[in-house]
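Trainee: My questions all concern the structure below.
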Amino acid sequence: MANRRGDVMTAAIPLCVIGAGQIGMRHIEVAQALPSVDLTGVVEPDPSRRATLVAQGLPVVAQIADLPLHTKAAVIATPTPQHFSAARAAFERGLAVLVEKPTGATLNEARMLIDQAKSLGLPLFTGHHRRCHPFSSAARDILPKIGQPIGVQGFWSLRKHDTYYDVPWRCAPGAGPLMTNLSHEIDLLRFLFGDIVETSAFLSHAARNLQIEDTATLNLRFSSGSLGSFLISDAGASPWAFEAACGENPDLAVSGQDYIRATGTQGALAFPSLTLWQGSDGTATDWKHPLVRVKGAEFAAIDPLQEQMRRFAAVVDGGEDNILCSGDDGLAALEISLAATLSGQTGMPVRTGSVPGDYTGA
């Protein structure tokens, strides 16, 4: 297969997927559907799982060393504890890497991967795919219209089905919504509003009575001086969450309701509808004057994982990208997620740079 870049026809990027669990299979489907990607291998160490994949006609190998030599890129979709070892092995093979979030299990692991990628001159991205929706980049372009940012409020609450926690590891420390769901929200907030420099959190497990949290509230301080708050829960039923707003996940119910609101000196923005509130032309923007509602643009639905892989392949092919989550951005999202957990455990605010490098959040 070939891919057109500008006026030049280039060969499809030979890419492998490491790990063939639920998310790995999604990446495999995406790779098979993209003209710009040639799926050269699926790395799966489990013999019984490999047999199943072979029966499906997939190019399966047991380890990274067995991949075809012409492979240039890897998507790592292993369980989080294996991200570090899989990424290191991929770099040693000279592969560009896109690793599912989080970049590593700890900040130390993420930093070592970033250093290795830079020393080898290889691309490293983290799979925060929500950036790849067209309404996400559009929101970033629109935000200057609300003036100096003052604050942002987010609300993510989806009640996971009761049998979700019948699986033992989902009840173990580190398996609550802070470490499994929050990092996507943190990366999106950073993508839209910039660096976060301080985090404080309250945790609760009152709804499910497990040792892990089912609900958390966060206070965030951004480097711009603006403030944020966020509620995240997998015990409370609501129409407010990213997935419910945009229908990204076909397994989750769709509400179409905004779940983030931002305010600035000149207006406000609701996300992801991109509904903008601004003052009328020639009038002051203050509480004496009504704001005018401007309907947001509508975008065709896309598969964000497919768009993420398309962009990844384009970078491997020599292109540049300002949307994908870099290794450094992935590290920052991991740090704030861990900071929220640490704050909830200690009852103290946590500044960026003060999370121990070996802290796992458990």
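Trainee: Rounding to the nearest 20 debye, state how big the charge dipole of region 78-219 is about its Cα centre with +1 on each Lys and Arg Cβ and -1 on each Asp and Glu Cβ.
Mentor: Roughly 280 debye, rounded to the nearest 20.
Trainee: Place +1 on the Cβ of every Lys and Arg and -1 on the Cβ of every Asp and Glu in region 270-327, take the dipole about the Cα centre, and give the residue among 290, 279, 326 whose Cα lies farthest towards its positive end.
Mentor: Highest projection toward the positive end goes to 290.
Trainee: Report the Cα centroid-to-centroid distance between region 213-232 and region 50-90 in angstrom, as an integer.
Mentor: Centre-to-centre distance over Cα atoms comes out at 37 Å.
Trainee: Net charge within 14 Å of residue 293 by Cβ-Cβ distance, Lys/Arg positive one each and Asp/Glu negative one each, not counting residue 293 itself?
Mentor: In short, +2.
Trainee: Set the Förster distance to 22 Å, then compute FRET efficiency between residue 254 and residue 206 from the Cβ-Cβ distance, nearest 0.05.
Mentor: 0.20
Trainee: Just name one of 132, 70, 108: the one whose Cα is farthest towards the positive end of the charge dipole of region 65-135 (beta-carbon charges, Lys/Arg +1, Asp/Glu -1).
Mentor: 132
Trainee: Using a ≥ b ≥ c from the Cα gyration tensor of region 79-217 (square roots of the eigenvalues), is it rounded, prolate or oblate, where a/c under 1.5 gives rounded and otherwise the larger of a/b and b/c decides, a/b for prolate?
Mentor: oblate
Trainee: Rounded to the nearest 0.05, what FRET efficiency do residue 33 and residue 138 give with R0 = 22 Å and r taken as the Cβ-Cβ distance? Could you check?
Mentor: Once the sixth-power term is evaluated, E becomes 0.35.
Trainee: Another question, if that's okay. May I ask for the net charge around residue 158, where only other residues with Cβ less than 13 Å from the Cβ of residue 158 are counted and Lys, Arg are +1 while Asp, Glu are -1?
Mentor: Summing Lys/Arg as +1 and Asp/Glu as -1 gives -4.
Trainee: Subtracting the Cα-Cα distance from 0.36 nm times the residue separation, let me have the gained length for residue 321 to residue 161 in nm, one decimal.
Mentor: On the way: separation 160, 0.36 × 160 = 57.60 nm, distance 3.77 nm.
Using 0.36 nm per residue and subtracting the Cα-Cα distance, I get 53.8 nm.
Trainee: Let me spell out the model: positive unit charges on the Cβ of Lys and Arg, negative unit charges on the Cβ of Asp and Glu, origin at the Cα centre of the chain. What dipole size does that give, in debye rounded to 20?
Mentor: 300 debye
Trainee: If I model a spin label at residue 219 and residue 169 as a point 7 Å from the Cα along the Cα→Cβ vector, what separation in nanometres do I get?
Mentor: 3.6 nm
Trainee: Among DSSP beta bridges lying fully in the chain, give the percent that are antiparallel, nearest 5.
Mentor: 60 percent
Trainee: How big is the antiparallel share of DSSP beta bridges in region 1-135, given as a percent to the nearest 5?
Mentor: Among the beta bridges of region 1-135, antiparallel pairing accounts for roughly 15 percent.
Trainee: Protein chains only, probe 1.4 Å: how do 170, 221 rank by accessible area, largest first?
Mentor: Ranking 170, 221 by accessible area, largest first, yields 221, 170.
Trainee: Next question. What range in the chain is the longest one free of GluC sites (Glu not before Pro) that are in a loop by DSSP and have at most 11 other Cβ atoms within 10 angstrom?
Mentor: In the chain, the maximal stretch lacking such sites is 1-297.
Trainee: When only the heavy atoms of the protein chains count and the probe is 1.4 Å, how do 42, 197 rank by accessible area, highest first?
Mentor: Sorted by accessible area, descending: 197, 42.
Trainee: Beyond a 24 Å Cα-Cα separation, which of these cross-linked pairs lie in this structure: 145/288; 101/145; 101/295?
Mentor: Those over the limit are 101/145; 101/295.
Trainee: Could you tally the net charge around residue 229, taking each other residue with its Cβ under 14 Å from the Cβ of residue 229, Lys/Arg +1 and Asp/Glu -1?
Mentor: In short, 0.
The values are calculated or read from the model by the stated rules, or taken from the named source; none is laboratory data. It should be emphasised that the depicted structure is a prediction, and the values quoted were computed from it without experimental measurement. FYI the Cβ positions are ideal-geometry reconstructions off the backbone, even for glycines, and counts take in every protein chain you see. When the accessible area is computed, the model is the full protein with side chains, heavy atoms only, and any ligands, DNA or RNA have been set aside. Shrake-Rupley method; radii C 1.70, N 1.55, O 1.52, S 1.80 Å.
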